[in-house]
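First the structure, in the form of structure tokens, and then the observations on it.
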Amino acid sequence: MTKKTSKWLLVSVLTALLTTLIAFGTGPTNVTAAAGRTLVYGSTADPKGLSPLSTADTVSSNVIQQVYETLFRQDAKTLKAKPWLAKSYERKSATDWIIHLRTGIKFQDGTPFNAAAVKYTFDQMKDPKRAAPRASLLEPIASTTVVNDSTVEIKTKYPYGPFLAMLSHPNASIVSPTADKKGKLNTHPVGTGPFKFKSWTTGDSVKLVRNTDYWGKKPKLAGVTFKTVPDYATAVSMLQTGKIQLLDNVTSDYLSRIKSLTNVKLTNKAGTPMRYFGFNMQSNPSKNKKFRQAAAYAINAKTYVAQLNGLGTYNPSLIGPELFGYNKNDKKAATTYNLKKAKELVKANGFNKKTYTILVGNQPAYVQMAQVVQQQLAKAGIKVKIEKQEWATYLTTLASGKFEMTFSGWANSTGDASELFYPNLDSKNIGSSNYMKYSNKQFDAEVEKSRETLNTSERKKALSAANKIAMKDIPWIVMDHNSVAVAQAKDLKGVTVLPTGMWYLGGAYFN
């Protein structure tokens with residue numbers, strides 16, 4: 001063989017090899033891209049549970065939304081409900097809805113998704129024996145009937161305005177009847193979503209993996225790990241070093257640091273969530289309206305919001321600007337900061353003679369609020385101590401009613417103020433989701449009006465009336481209507497973030 005021939009053969013082999021590499025991509029890189037990466041989210045607390053039938057908190061919902069799905073899903077910009085597991089719908093009358101379901105979908109345990117599964121889920125949510133924390137969500141439903149495998153008929157007790165928004169709520173997610181009947185759904189979730197459950201190590205992490213049989217567009221991530229990192233400073237450091245790639249509920253204390261990270265993108269936009277200082281209306285001293293007035297006069301929420309550096313807005317109205325039902329004039333009914341009046345009430349009623357307790361869950365935003373309010377109340381002569389509890393323990397204590405005052409919030413996931421008032425402050429929900437045990441018949445009547453008509457102007461009028469009644473009674477003092485702030489690795493794309501603070505990872509990928 002001549003040198004010329006040898007060179008020709010070598011060039012031919014190299015050319016063929018190069019052509020193969022171009023056609024299929026370099027081996028290791030292409031395999032990695034196909035397999036995807038696992039996204040790690042930094043959670044400030046452990047979930048309370050992993051079943052939509054047994055939970056009502058945001059920490060749990062973050063996981064639930066990736067495993068389960070709802071009949072409808074809200075648009076990320078407009079919050080308008082669009083069919084998801086449902087294919088289409090029709091309204092036969094003001095109280096009669098026909099929902100046509102997608103076909104060929106299975107739960108992650110192989111159970112068929114069908115009309116029977118929808119009926120099972122909604123019946124379980126409404127069953128008093130089940131005592132679902134968010135049973136009030138489906139209160140308007142009178143009956144759910146299986147028409148055929150792919151069709152359900154839902155009749156409501158009255159014309160219910162936010163019907164489709166209700167069916168978009170995470171707690172209306174459809175569960176596998178087979179899995180739920182085994183009694184382990186709260187620790188081993190089974191839904192129809194893009195990710196399925198792998199493991200839950202309490203105090204450490206919840207791990208999900210890609211659902212390779214997902215009915216929709218296949219997820220690109222290999223999985224999602226919800227890493228429990230109670231200390232927010234540690235979470236930010238992990239974000240900086242790439243150990244976690246997604247962190248929400250960004251606090252003002254770490255805002256400038258997160259903004260300075262070259263490998264991180266920060267998204268901050270107006271949202272529906274609201275955070276408040278709440279009073280147990282059946283416990284001393286909170287059941288005394290003069291005490292609540294004194295506290296309302298002592299708390300300078302505007303000063304607190306100024307410390308948030310754009311992560312929240314000040315507005316004493318319980319209904320925030322991003323919610324259906326907001327009326328800018330309602331805020332005039334609120335009792336707002338007046339330190340002189342606060343001191344007068346404290347002295348006249350002896351509120352300076354005892355030390356009271358504020359219960360708070362171990363989430364950075366609530367702890368920060370508690371510390372600010374503790375100082376502000378002290379200036380008026382009200383002494384309080386802060387009792388901080390791990391998140392799941394806090395939720396249990398809150399439900400038990402064994403507290404005087406607390407800090408909490410509401411995501412307003414439906415975007416409708418009637419679903420702010422009914423579960424949280426309507427007297428019919430004392431003993432379930434009305435943790436403040438607030439009761440006012442006039443308030444209840446206005447909330448009922450807002451829920452039992454499809455007339456938009458009538459609904460707004462009733463919500464405004466209810467808003468002003470509650471502000472005068474002071475079961476809550478609004479701390480802020482907070483924005484939705486999410487920090488993520490710059491190479492993480494496709495995360496869908498809603499104004500409600502909810503997010504979906506089905507379309508997420510690393511660039």
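The values are calculated or read from the model by the stated rules, or taken from the named source; none is laboratory data. Just so we're clear, the structure is a prediction, and the values are computed from it rather than from any experiment. Glycine also receives a Cβ, built like all others from the backbone with ideal geometry; neighbour counts cover every protein chain displayed.
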Worksheet item: Among the residues of the range 464-475, is any under 24 Å from ASN362 (Cα atoms) and under 20 Å from the mean Cα position of the chain (by Cα)?
Response: no
Item to complete: Starting from the range 325-352, keep only residues that are modelled with pLDDT of 95 or more, then list their pairs with residues that are in a helix (DSSP H, G or I) and among the β-branched types (Val, Ile, Thr) whose Cβ atoms are within a distance under 9 Å, requiring at least 6 positions of separation or different chains.
Response: ALA333/ILE469; TYR337/THR303; ASN352/VAL346
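Matching residues to (1) touching a residue at least 24 places away in the same chain (Cβ under 8 Å); (2) under 30 Å from PHE403 (Cα atoms); (3) surrounded by 18 or more Cβ atoms within 10 Å (Cβ to Cβ); (4) out of contact with any Asp or Glu (no Cβ under 9 Å at 6 or more places or on another chain):
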position	(1), (2), (3), (4)
LYS269	yes, no, no, yes
THR272	yes, yes, yes, no
LYS289	yes, yes, no, no
ALA295	yes, yes, yes, yes
Worksheet, complete the sentence: Output for Cβ contacts, cut-off 7 Å, separation at least six or different chains, first residue among the charged types (D, E, K, R) in the range 463-478, second surrounded by fewer than 21 Cβ atoms within 10 Å (Cβ to Cβ), reads LYS468/ALA333; LYS472/ALA333; ASP473/ASN440
Response to the item:
Only one of (1) crowded, with 18+ Cβ neighbours inside 10 Å; (2) within 30 Å of VAL118 (Cβ to Cβ) does not apply to TYR232, and that is (2)
Item to complete: Check off (1) modelled with pLDDT of 95 or more; (2) on the phi > 0 side of the Ramachandran plot for ILE386 and give me the number that stays unchecked.
Response: (2)
Response to the item:
Out of (1) part of a strand (DSSP E or B); (2) out of contact with any strand residue (DSSP E or B) (no Cβ under 7 Å at 6 or more places or on another chain), the one GLN442 does not meet is (1)
Discussion item. Consider the range 207-231. How many of its residues are under 19 Å from VAL497 (Cβ atoms) and either modelled with pLDDT under 95 or among the aromatic types (Phe, Trp, Tyr) (or both)?
Written reply: 1
Fill in: Test set (1) under 23 Å from LYS227 (Cα atoms); (2) buried (at least 17 other Cβ atoms within 10 Å of the Cβ); (3) basic (Lys, Arg) - LYS198 fails condition number
(2)
Discussion item. Scan the range 360-372 and tell me whether some residue there is free of Cβ contacts under 8 Å to residues at least 60 places away in the same chain and not in a helix (DSSP H, G or I).
Written reply: yes
Worksheet item: Of the residues that make up the range 77-84, is at least one out of contact with any Asp or Glu (no Cβ under 9 Å at 6 or more places or on another chain), in contact (Cβ under 8 Å) with a residue 60 or more places away in the chain and among the small types (Gly, Ala, Ser)?
Response: no
Item to complete: Give the range 122-151 a look and list any residue that's in a helix (DSSP H, G or I), over 19 Å from PRO162 (Cβ atoms) and in contact with an Asp or Glu (Cβ under 8 Å, 6 or more places away or on another chain), or say none.
Response: GLN124
Item to complete: Please state which one of LYS379, LYS385 is in a helix (DSSP H, G or I) and either touching a Lys or Arg at 6+ places or on another chain (Cβ under 7 Å) or of a type in the set (D, E, K, R) (or both).
Response: LYS379
Worksheet item: Taking interchain pairs and intrachain pairs at least six residues apart, which have beta carbon atoms under 7 angstrom, with the first residue in the range 426-449 and within 22 Å of THR397 (Cβ to Cβ) and free of Cβ contacts under 8 Å to residues at least 12 places away in the same chain and the second among the β-branched types (Val, Ile, Thr) and part of a loop (DSSP other than H, G, I, E, B)?
Response: none
